[in-house]
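Inspection log for the structure reproduced underneath, given as structure tokens.
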Amino acid sequence: MPYRFAVTQALVSVLLATSSPAALQAQVAQGRQVELGILGTYTKYDQTIGLDGAIGAGGRLGLFLNGTFAIEGRGDFTRTDVTADGERAEATRLSGTFYAYAPRTPAGRFYLGVGYTRSVYRGAFDADNNGGHVILGDLLSLGGRAALRFEGRLDYTPSSKTVDPTARAIDIGAAAGLSIFAFGGPPRDTDADGVHDGKDECPDTPAGAVVDERGCAIDTDTDGVPDGLDRCPGTPPGAAVDTAGCGLDTDADGVADGIDVCPNTPAGAIVDEFGCPLDTDTDGVFDGLDRCPNTPPGAIVDVDGCPVDTDLDGVPDGLDQCPNTPEGVPVSADGCALDSDGDGVHDGADRCPNTPANTEVDGTGCQVVVEEAIPRAPLVLRGVSFETGRSALT
């Protein structure tokens, strides 16, 4: 219809005019804010109305009384068909609504509206209905003074005058639209940090960051990630962090990169507050990896930190002054074989362990017995002759 096009064109012109910088900065008494909007609608009519569900369009003019309550006048137009015979019908809906708004959330600002509806039907019908409506919606800011609206709507007509004048009708529908807020309202806050642009010294603060009175992000732990976005707000100074503000720990030793003096600690080692491995028994194998943590100083150890004892005498290599002691031989604390009686034969091989000092012993550690020589008379052979120059008897 030509008149519908003209109305829509005029409404768009008004929206563009009021969205200009000069208009958006204008102020009215009491600081009240005016809303102008266009919207698309879908209405599913009650069967007692006798119309098919259809898409329509309309506009709205609202006034915010304060930060919570607003009033609005709205009109929308829908062309559809009569369900029974397919004839064309036109439905114009005029509404007055009182709104209550919830506090702002990251998902937008939810609101509830109730009000009066007058529905005018022309074409196949020639009837006017009066009733009420309930609207539930969400106002989603686009930054500055522009916003999107998404709504669900229920209209109640106590006495329908289209198909059955005695019947009640309940229509349900939805709407989506664009609104521009002119004149009053809060100062512009481009980065939505709570500090309006005129006072915001840091106009590009990331969403969610906590800011000071100048609009600049606060970073309590000075890790480069603002409070509000920092998932690890107690990071120690100097620590390297990820984008969430949590310390990086490349060697997984519990000390963050940047303050880790020993950044290549092997996995499992116990470290000090500087990230350096502890070696309590100073055997070269770090605590946490050392299976024998109380190795005496100077002992040679294996890769597990346990002492090496090559001759199996119970004294670790490195402390053993007699490293080749035969197996099973009792040794002293320095790893050398014991010789309790000092006879030169170690206790393990000494069959006579209590030999007196300075006693000559044999290989078994027992005293050597020397037999005394007994004098004997010379043997004289009489009547015996030998061959000359030989020992042969004649």
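The values are calculated or read from the model by the stated rules, or taken from the named source; none is laboratory data. As the structure is a computational prediction, the values presented were derived from the model and not from experiment. Note: ideal-geometry Cβ built from the backbone for every residue, glycine included; neighbour counts use all protein chains shown. Remember, those area values only see protein heavy atoms, side chains included, never the ligands or the DNA or RNA. Shrake-Rupley method; radii C 1.70, N 1.55, O 1.52, S 1.80 Å.
At-a-glance table
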{"read-out": "Residue check, Lys199 in contact (Cβ under 8 Å) with a residue 12 or more places away in the chain, open to solvent by 70 Å² or more (accessible area, probe 1.4 Å), under 30 Å from Asp128 (Cβ atoms) and of a type outside the set (Val, Ile, Thr)", "value": "no"}
{"read-out": "Residue, modelled with the lowest pLDDT, within region 114-156, restricted to residues that are within 22 Å of Tyr101 (Cα to Cα) and polar (S, T, N, Q)", "value": "Ser141"}
{"read-out": "Residue ID - modelled with the highest pLDDT, chosen from residues in region 315-324 that are surrounded by 15 or more Cβ atoms within 10 Å (Cβ to Cβ) and not charged (D, E, K, R)", "value": "Pro316"}
{"read-out": "Of all residues in region 53-87 being modelled with pLDDT under 95, acidic (Asp, Glu) and in contact with an Asp or Glu (Cβ under 9 Å, 6 or more places away or on another chain), the one that is surrounded by the fewest Cβ atoms within 10 Å (Cβ to Cβ)", "value": "Glu87"}
{"read-out": "Region 311-324 residues that are within 9 Å of Ile300 (Cβ to Cβ), paired with ones that are open to solvent by 60 Å² or more (accessible area, probe 1.4 Å) (beta carbon under 6 Å, 6 or more apart)", "value": "Asp317/Ile300; Asp317/Thr310; Gly318/Ile300"}
{"read-out": "Positions within region 183-193 being in a loop (DSSP other than H, G, I, E, B) and at pLDDT below 85, in sequence order", "value": "Gly184, Gly185, Pro186, Pro187, Arg188, Asp189, Thr190"}
{"read-out": "Counted residues, region 132-151 - those being open to solvent by less than 20 Å² (accessible area, probe 1.4 Å) and either free of Cβ contacts under 8 Å to residues at least 12 places away in the same chain or more than 37 Å from the chain's Cα centre (by Cα) (or both)", "value": "2"}
{"read-out": "Positions within region 152-170 being outside any loop (DSSP other than H, G, I, E, B), open to solvent by less than 70 Å² (accessible area, probe 1.4 Å) and not β-branched (Val, Ile, Thr), in sequence order", "value": "Gly152, Arg153, Asp155, Ala169"}
{"read-out": "Members of region 264-301 that are surrounded by 15 or more Cβ atoms within 10 Å (Cβ to Cβ) and closer than 30 Å to Pro233 by Cβ", "value": "Thr265, Ala269, Ile270, Val271, Gly275, Cys276, Pro277, Gly288"}
{"read-out": "From the options Gly50, Gly108, residue that is crowded, with 20+ Cβ neighbours inside 10 Å and small (Gly, Ala, Ser)", "value": "Gly50"}
{"read-out": "Selection status of Ser391, open to solvent by 70 Å² or more (accessible area, probe 1.4 Å), over 25 Å from Asp309 (Cα atoms) and either hydroxyl-bearing (Ser, Thr, Tyr) or modelled with pLDDT of 75 or more (or both)", "value": "yes"}
{"read-out": "Qualifying residue in region 227-244 (condition: touching a residue at least 24 places away in the same chain (Cβ under 8 Å) and assigned to a loop (DSSP other than H, G, I, E, B))", "value": "no"}
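Let's see how each residue does on (1) modelled with pLDDT of 70 or more; (2) part of a loop (DSSP other than H, G, I, E, B); (3) open to solvent by 60 Å² or more (accessible area, probe 1.4 Å):
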residue: Pro326; (1), (2), (3): yes, yes, yes
residue: Gly335; (1), (2), (3): yes, yes, no
residue: Arg351; (1), (2), (3): yes, yes, yes
residue: Asn354; (1), (2), (3): yes, yes, yes
residue: Gly365; (1), (2), (3): yes, yes, no
residue: Glu371; (1), (2), (3): no, yes, yes
residue: Pro375; (1), (2), (3): yes, yes, yes
residue: Arg382; (1), (2), (3): yes, yes, yes
